[in-house]
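**Q** Take a look at the following structure, please.
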Amino acid sequence: MKSKNVDVKIPESELEAEDRGAEEERPRESDSNILDLSSDYPQDKHISIQRHLADLEKLADLREDERKPCPLCPEEKFKACYSHKLHRHLQNLHWKVSVEFEGYRMCICHLPCRPVKPNLVGDQTLSKMGAHYHCIICSATIVRRTDMIGHINRHVNKGETESRFSTVRAPKSSYRVVKESATDVQVLPNHSTPQKTDSYFNPKMKLNRQLIFCALAVLAGERKPIECLDAFGATGIMGLQWAKHLRSSVKVTINDCNENSVTMIKENCHLNKMKVKLNSREEDNGETVGNGEENSDTIEVTKMDANVVMHLRSFDFIHLDPFGTSVNYLDSAFRNVRNLGIVSLTSTDISSLYAKAQHVALRHYGCNIVRTEYYKELAARAVIAAVTRAAARCNKGIEVLLAVALEHFVLVVVRVLRGTTPADDSANKVRYLIHCQWCEERVFQKEGNMVEENPYQQLPCDCHGSMPGKTAVLLGPLWSGALFNTGFLRRMLLEAVQYGLDEAQPLLKTLVCESECTAPKHFSTPSPGDENKQEECGVYIRTPNISAESYLVHGKRKSEEVLRGAAKRQRAEHSAEHPPFYYNIHRHSIKGMNMPKLNKFLNYLSEAGYRVSRTHFDPMGVRTNAPLAQFKTVLMKYSTPTYVGAQAEGPVHLPGEIQVGEEVPAAAVVKVKEAELAEDDKSGVTAAVFTESYTTHCAAE
């Protein structure tokens, strides 16, 4: 530097500091319109992040006649070399061990940009421990390749796919749009991973959403408009379907406590051309739809804890679908739900409900359960028992309208009956179950608080007398009442047909047959004309299981006297309810015998004078009021030996003194089979072999 013809030497370090200070002052002195360089502003990517190997070689500036150092290694680790050797080094030691993400490769870096903890050896370990990767999303440095892959996956699961580098910023169009029941929703790339995404969306729960929609549509036909709440919105798909199809009949509120989910719910509302109401005000977006028509569909979106929003407001319809159990939200749900309203809940903690984690079921539901052949119905009754106790604490009773237990969830839909009398009646239906662990016979404990001297006498089987030790276990407390309301299910089926919900229709038909305990061939699909005719009379549907919902009149509710009369009729016709639990035909089949086809076996049981139907809980299950002994007798009568392949299905002729309703002695069965084998022994199996095998089977039973 020259000043007044005098040479002044300034150290280079001071010049660099001056330049650095000038660079730091420039943004402050510039106009406010210029963006501030903060950590959120996109920065240049690290040199170890490249798209192609050729881009990495350009950094090295390979030339045949010159030695060049590696751009990703310090000089003490890799000395300068010629182009062919440097090319192999970049390809084998950097490119092949890179981590790929959205077309970019994060190569391993040996530069001293990662701080290394000093150890006893000293700085000699810098070259060994300094290898690391630079994250393309958050610019973190990770040592191991497997850890880097897991680090990137965690970003993806959280929906953080936008890089801080301007060159790889992910566009908003990367969101995937999913369409279900004429409703479009945006979902994140990890939408199917629960607890790791802000907008969980499971396509396998489509059937669940259709069943809940049908239940809401039935309630909307009784009185309108109704206020309904989706307490756990996630993407908002369920509430959007309610508002889009039911229109002015419902006032939808979608709630979620996660801010990102609430933002996505608003975007999905605008995607479906609906207004969003926030804190008693409407957003201006989406005011017109289509040909300039005004859109009257408004959805209220709230960001609260589910317990808080249910305490603050009253609703006619509440749906709970948290991740796992719903018991933490039952008290709040029944606190403010209106009289004759509906509460539906979906429980996805099937590991505890299906008796895989029994201690968790005891902790959450206060219920002792074991793995049985009817474990799915056991799970549904355990959930309803917890719902009943929560409603009774709020002086409310329940009427179970629907209980479904499938592979991924347990769905329970109940109607709320306000008053202490319905609460007491519902609480009295929560009982313990006596389950025989040998033959799997089961029976609910009798009402009363007196201790019985021998509770085994309540079981129809005699396993306690013939088997050593304790043969039965006490399960529960469980719901002992009906699981279905036939009239409500028939109206749900009409709504499913009207809105074209094809997946829900077969299940609803099965549920109607199961609630009536009739064979599928006796089922008749109700027509809309019959439904309208009943609506003109002021009564929707009158079923054997008469409830408060059967006496609803348009525009008003019946008085308490009518409700009390309905309860009396319900108690009088309690015997018409479907029988509890079911038997699995495979579980009780006889070894060495071909059992009849399931539909034929249903006809055989029906001809024997028992009520019988199939069940949705188990594809090979049979719901019947026949005791287990009679069930086995009919099954054995119409079974054929396995080795008689050409013999048609038909009854096994029992001796004249043995009837279908009686217990069949093993000696009589052996005698019959020996006679049949003596007449026709096509496979060379002697009667003595069958006698030995059947005697062993009887001893095991």
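**Q** Heavy atoms only, 1.4 Å probe, whole protein assembly: order MET492, MET467 by accessible area, highest first.
**A** Solvent-accessible surface, decreasing: MET467, MET492.
**Q** List, in order, the whole-Hz ³J(HN,Hα) value for each residue of the stretch 140-157 obtained from phi through the Karplus relation with A = 6.51, B = -1.76, C = 1.60 and θ = phi - 60°; use x for Gly and Pro.
**A** Going residue by residue, I get 6, 10, 10, 7, 8, 5, 5, 5, 5, 5, x, 5, 5, 4, 5, 4, 5, 5 Hz, with x marking Gly and Pro.
**Q** Tabulate in residue order the Karplus-calculated ³J(HN,Hα) for the stretch 105-110, using 6.51 cos²θ - 1.76 cosθ + 1.60 with θ = phi - 60°, rounded to whole Hz; enter x for Gly and Pro.
**A** My calculation for the stretch 105-110 gives 10, 8, 7, 6, 10, 10 Hz in order.
**Q** Within the stretch 480-519, which chymotrypsin sites (Phe, Trp or Tyr not before Pro) sit in a loop by DSSP and count at most 16 neighbouring Cβ atoms inside 10 Å?
**A** Working: sites: PHE484, PHE488, TYR499; in loops: PHE484, TYR499.
Nothing satisfies the criteria.
**Q** While we're here: If I stretch the segment between ARG393 and ASN307 completely, what's the gain in nm (0.36 nm per residue apart, minus their alpha carbon distance), one decimal?
**A** Full extension of this stretch gives 29.4 nm more.
**Q** Enter the accessible area per residue of the stretch 583-641 (Å², integer; probe 1.4 Å; all protein chains in place).
**A** 38
**Q** Taking H placed 1.01 Å from N in the peptide plane, check which residues at least 5 places from ASN368 or on another chain put their amide H under 5 Å from its amide H.
**A** GLY476
**Q** Binned at 10 Å from 0, what are the whole-percent values of the Cα-Cα distance distribution for the stretch 583-641, short to long?
**A** Bin by bin from 0 Å, the calculated values are 24, 63, 13.
**Q** With a/c under 1.5 counting as rounded, go ahead and sort the stretch 351-392 into rounded, prolate or oblate using the C-alpha gyration tensor (a ≥ b ≥ c being the square roots of the eigenvalues; past the cut-off, prolate if a/b is larger than b/c, else oblate).
**A** Note, shape of the stretch 351-392 comes out oblate.
**Q** Something else about it: Over the stretch 345-426, average the accessible area per residue using a 1.4 Å probe and give it in Å², no decimals.
**A** Accessible area per residue, the stretch 345-426: 31 Å².
**Q** Kindly flag which residue pairs out of LYS446/LYS470; LYS179/LYS266; LYS179/LYS509; LYS204/LYS275 have an alpha-carbon separation exceeding 24 Å in this structure.
**A** LYS179/LYS509; LYS204/LYS275
**Q** Also: Under a 5 Å amide H to amide H cut-off, with H placed in plane at 1.01 Å, what residues pair with MET593 once short-range neighbours are removed?
**A** Amide H to amide H, under 5 Å and 5 or more residues apart or across chains, MET593 pairs with THR642.
**Q** Sort the stretch 325-442 into rounded, prolate or oblate with this rule: let a ≥ b ≥ c be the square roots of the eigenvalues of the Cα gyration tensor; rounded if a/c is under 1.5, and if a/c is not under 1.5, prolate when a/b is larger than b/c, oblate otherwise.
**A** It is prolate, given that a/c is not under 1.5 and a/b is the larger ratio.
**Q** Quick one: pull the percent of accessible area on the stretch 583-641 belonging to carbon and sulfur, 1.4 Å probe, ligands and nucleic acids left out.
**A** Carbon and sulfur together cover 48 percent of it.
The values are calculated or read from the model by the stated rules, or taken from the named source; none is laboratory data. Since the structure is predicted, the reported quantities are computational estimates derived from the model, not experimental observations. All Cβ positions, even for glycine, are placed from backbone atoms using ideal geometry, and neighbour counts span all protein chains on display. Quick note on the areas: whole protein, heavy atoms, side chains included, nothing else; ligands and nucleic acids left out. Shrake-Rupley method; radii C 1.70, N 1.55, O 1.52, S 1.80 Å.
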